[in-house]
Amino acid sequence: MINKFKRIVVPTDFSDTADTAISLAAELADWYGSTLDLVNVVDATVYAYAGYPFASLSKELMSGAEDALNKVKVPAKKAKLSRYLLSGSPAREIADHAKRHKADLIVIGTHGHGAVARFFLGSVADRVVHESDIPVIITKKPKGKIKHPKAKNKPFSRILFPTDFSETGAKALKRAIALTEDMDAELFVLHVIDDTLISTHVEEERHIILKELRKHALEEMRKHLPKHLMENFETIGAVKRGEPGKAICSYAETHHCDLIVMGTHGRTGIERALIGSVADKVVRRAKSSVYLVRPGKK
C-alpha cells in the first residue's frame with residue numbers, strides 16, 4: 001500500500017460525534033494494519049471556579065474519564081488498540097501525543113451541519129489541524145438514523161479532490177491519489193470558479209471571461225494530473241462556477257463521495273486561519289469526511 005498509516009490517533013469526548021470518528025479510525029486501522037490510539041483529554045481548568053479545591057476537582061474528573069474511556073467500544077478487528085488518558089489543553093495534548101508516538105494520522109469529529117452548525121473555527125478539531133504536524137481527517141455525525149446501511153469492504157470508495165492549483169493543493173492531490181490507489185476507489189477532481197469575483201455586470205463580458213477561466217482551469221488540471229489518470233479525464237475532471245465551499249459540498253453529495261481531500265489555503269502562499277476560507281466552509285457544510293492538508297506538513 002502507498003500510504004503508511006502505522007499509527008492512527010482518534011480523540012474522544014464520549015459524544016456521538018466522537019463515535020463517528022472512532023468508527024472511521026477503526027476502519028482505517030484495520031485496513032492498514034495500524035496501531036490505534038484512543039485518546040481522551042481532561043481539561044480541569046474549564047470546570048474550576050473560585051472556592052472549589054482544584055486538586056480534588058481534577059482527581060474526580062480524571063477518575064470519571066478513565067472509567068468512561070475504558071468503556072468506549074471500538075469496532076476494530078485487526079488493529080492493536082491502546083487507550084490514553086491525558087490532562088491539559090485538548091488540542092495541544094492531542095497533537096503532542098501524536099508527535100510523541102510518531103503517529104501518521106489523526107481522525108477527529110466536529111459537530112453540526114450547514115448554516116446552523118457550530119462553527120469549525122475555534123473548535124478542538126480546528127485547533128488540532130493547526131497544532132498537528134500530521135494529516136487530519138475531520139468527520140461528521142450523520143444526520144438522522146441510517147437504515148439498513150450497506151456493508152463496507154473499504155473505508156472510502158469515492159474521493160473528491162477540489163483544486164485551486166496551489167502548492168498545498170498539489171500535496172493534497174498526492175494524498176488523494178494515494179488513498180484512491182490504496183483502496184481501489186474512484187477519484188474526482190474539481191475546480192470551482194468563484195464568479196462573484198468577476199467585477200463586470202455586462203452579461204456578454206461575463207460569459208467571455210467565464211469561458212476563458214474554464215479553459216484555463218481545464219489546462220491547469222491536465223497539467224497537474226499524472227498521466228495514468230488522463231485516460232479518464234473526461235469522467236473525473238470537472239470545472240464548476242459558484243461559491244467554492246458550497247459548490248464543492250454539492251458536487252461531493254451529488255457524486256456520492258465519502259471523502260473530500262483538500263488543502264487549507266489558496267494561491268497566496270500565506271498561511272491563513274481557516275475562518276472564511278474554503279476549507280472552513282467545506283468542513284462546516286460537508287456531509288462526508290474531510291481530509292485536510294496544511295502547507296509545510298507531511
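Check cross-link reach from Lys140 to the lysines: straight Cα distance under 20 Å, and skip same-chain residues fewer than eight apart.
Partners found: Lys73, Lys150, Lys152, Lys154, Lys246, Lys281, Lys287.
How far apart, in nanometres, would the label points at His228 and Lys211 be if each is projected 7 angstrom from Cα along the Cα-to-Cβ direction?
About 3.8 nm, to one decimal.
Between beta-carbons, use under 10 Å as the cut-off and find the net charge around Ala286, counting Lys and Arg +1, Asp and Glu -1.
With Lys, Arg at +1 and Asp, Glu at -1, the net is +4.
Taking the Cα centre of region 150-298 as origin, work out the dipole magnitude from +1 charges on Lys and Arg Cβ and -1 charges on Asp and Glu Cβ, in debye rounded to 20.
For this selection, approximately 580 debye.
Given Phe188, Ser277, Phe156, which one lies farthest toward the positive end of the charge dipole of region 150-298, if we put +1 on the Cβ of every Lys and Arg and -1 on the Cβ of every Asp and Glu?
Phe156
Roughly how many nanometres apart are two label points built 7 Å out from the Cα toward the Cβ at Ser87 and Phe14?
Inter-label distance under the simple model: 1.7 nm.
What is the diffusion coefficient of region 150-298 in µm²/s, taking the Kirkwood radius over Cα pairs and the Stokes-Einstein relation at 25 °C with a viscosity of 0.890 mPa s?
For the chosen part, D equals 154 µm²/s.
Just so you know, all these numbers are worked out from the coordinates, no wet-lab data involved. In this text the structure is predicted, and so the values were computed from the model without any measurement. No Cβ is skipped: glycine too gets one built from the backbone with ideal geometry, and neighbour counts run over all protein chains shown.
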